[in-house]
1. Given the residues GLN54, GLN35, which is the only one that is in contact with a helix residue (DSSP H, G or I) (Cβ under 9 Å, 6 or more places away or on another chain) and more than 12 Å from the ligand (Cβ to nearest atom)?
2. If you go through segment 153-165 one residue at a time, do you hit one that is away from the ligand (no atom under 16 Å from the Cβ), basic (Lys, Arg) and more than 17 Å from the chain's Cα centre (by Cα)?
3. Please find, within segment 27-47, the residue that is farthest from the chain's Cα centre (by Cα) out of those that are polar (S, T, N, Q) and surrounded by fewer than 22 Cβ atoms within 10 Å (Cβ to Cβ).
4. For segment 290-332, name all the residues that are part of a loop (DSSP other than H, G, I, E, B) and of a type outside the set (Gly, Ala, Ser).
5. In segment 3-18, is there at least one residue being charged (D, E, K, R) and at pLDDT below 95?
6. Yes or no: segment 280-292 includes at least one residue that is over 21 Å from the mean Cα position of the chain (by Cα) and either surrounded by 19 or more Cβ atoms within 10 Å (Cβ to Cβ) or of a type in the set (A, V, I, L, M, F, W, C) (or both).
7. Which residues, counting only those in segment 99-125, are part of a helix (DSSP H, G or I) and hydrophobic (A, V, I, L, M, F, W, C)?
8. Which is crowded, with 19+ Cβ neighbours inside 10 Å and farther than 28 Å from CYS40 by Cα, of LEU295, LEU247?
Amino acid sequence: MINGRKVILSGIQPSSSSITLGNYLGALINWVKLQNEYDCCFSIVDLHAITVRQAPQELRANCLSLLAQYLACGIDAQKNIIFIQSHVPAHAELAWILNCYTQMGELARMTQFKDKSKKHHDNINAGLFTYPVLMAADILLYQADLVPVGSDQKQHLEITRDIAERFNSIYGDVFTIPDGYIPKNAARIMSLQDPLSKMSKSDPNPNGCIALLDSPEVIIKKIKRAVTDSDAHVCYGEEKYGVNNLLNIYCAVTSKSIEDAVFEFEGKGYGDFKRAVGEAVVEALSPIQQRYCDLMNNRDYLESVYKAGAQKAGAVADRTMNKVKKKVGFIV
Ligand code: TRP
C-alpha cells in the first residue's frame, strides 16, 4: 500500500517481437483500466527471458519494442512505473537471497519448469529451475498487493506467497503477501488452430496466434482459417470451442455482449462471421499499431521512459532491499 492505494505488479517476457492478441485482450487491456485505481508497476522481464537462449540483438530489439507496445496499448508512463527488469539490480539481488529460503523440492514441482525442461531438454539451466524465485523477487520488492496473471502463472504466485510467508515468519513483517488478480471479465483467448490451448507465440502452427503487430491481411487470413465446427451456427455452445473463442475475441474487441453478438450473426454462416471478426480485430488493433510505429520512430522518448522507470522502480526496490539486508544480517 502506497499513499493508501493498493500496489499492482505484472510483467511480460520480451521473448518475441510482438505480444499476442491474447496478451492484449487477456492482460494489457485490463492493465490500462487498473492504472486509474492502483499504483501499478509494469515490468519487461528480460532476466526471465534469458532462461531460454536469446539472440542478443533480438533481445535488445524486443525489449524496446515491448516497451513501445505497452505504451501504444495505453499504459501511461506518467501514472505507472514502467521499467526494464535488468535495469533494477535489486531483482537479481533479492532473487539470490530468496533462493536461500526456497526448497529444491518446491521448485521441482513447478509445472512450468517441467514443461520447459521437456521443450528445452538441451538447456535445462539453473535459471530455469529458479525462475519462480526471480518472479517472487519481482513481486515482493514492490510490496505488491495484487498480481494480475493468467491461470498458467497461479502456481508461481502460490510459491511467491509461500516464500514471503516463510521469510516473514522468521524475520517479522518484511513482505506484503500478494494475491492473484483475475479481473471478472478477463478474456481468455485460445489458439485459432487448437482452441483447447491458450493462444501463444510458441504455437506450433503460426496460424493459431495473432500478433498485436500483424498486418490487416495476415489477421483476416488467420481468422478465416480458424478452426470451427460442422454445425454452421454462430452461437455459444459446450463443444463449440472454436466458435466460442471467435465470439470471445469479437466481444472483447467490440465491447459487445455475447448475446448481442449471437443475435447479430443469426442466420449468417461462418464465412460472414469470420469476416466480421477479422475486421473488428483489425479495427481495434490499427490505432495501436499506428501509435506503435510513431513510438518506434521516437527512440529518445522511449529511452527517457525506461530511464525514468528504472529510477522510480529502483527507489522503491531499494527500500525493500535495505530492510531485507538488515533482517538477514548483512552490514548495510
Ligand atoms: N512468469 C510470467 C509469465 O511468463 C512473467 C513474469 C515475470 C511476471 N515476473 C512477473 C508476471 C511478476 C507477473 C509478476 O507470464
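The values are calculated or read from the model by the stated rules, or taken from the named source; none is laboratory data. All values derive from a computational prediction rather than experimental measurement. Backbone-built Cβ (ideal geometry, glycine too); neighbour counts: all protein chains shown.
1. On the way: GLN35 fails: in contact with a helix residue (DSSP H, G or I) (Cβ under 9 Å, 6 or more places away or on another chain).
Among GLN54, GLN35, only GLN54 is in contact with a helix residue (DSSP H, G or I) (Cβ under 9 Å, 6 or more places away or on another chain) and more than 12 Å from the ligand (Cβ to nearest atom).
2. As a first pass, look at segment 153-165 and keep what is away from the ligand (no atom under 16 Å from the Cβ): 165.
So of that shortlist, the ones also basic (Lys, Arg) come out as none.
No - not one qualifying residue is present in segment 153-165.
3. Let us first name the residues in segment 27-47 that are polar (S, T, N, Q), namely 30, 35-36, 43.
From the residues that got through so far, the ones that are surrounded by fewer than 22 Cβ atoms within 10 Å (Cβ to Cβ) too are 30, 35-36.
On the way: ASN30: 11, GLN35: 15, ASN36: 19 Å.
Ranking the candidates gives ASN36 first.
4. At the first step, the residues of segment 290-332 found to be part of a loop (DSSP other than H, G, I, E, B) are 297-298, 329-332.
Scanning segment 290-332 gives ASN297, ASN298, PHE330, ILE331, VAL332.
5. Taking segment 3-18 as the starting set, the residues that turn out to be charged (D, E, K, R) are 5-6.
Subsequent filtering for residues that are at pLDDT below 95 retains 5.
Checked segment 3-18: at least one residue is charged (D, E, K, R) and at pLDDT below 95.
6. Yes, that holds for at least one residue.
7. First, pick out the residues of segment 99-125 that are part of a helix (DSSP H, G or I): 99, 104-108, 111-119.
Residues satisfying the conditions are MET104, LEU107, ALA108, PHE113.
8. On the way: LEU295 fails: farther than 28 Å from CYS40 by Cα.
Being crowded, with 19+ Cβ neighbours inside 10 Å and farther than 28 Å from CYS40 by Cα holds for just one of LEU295, LEU247, which is LEU247.
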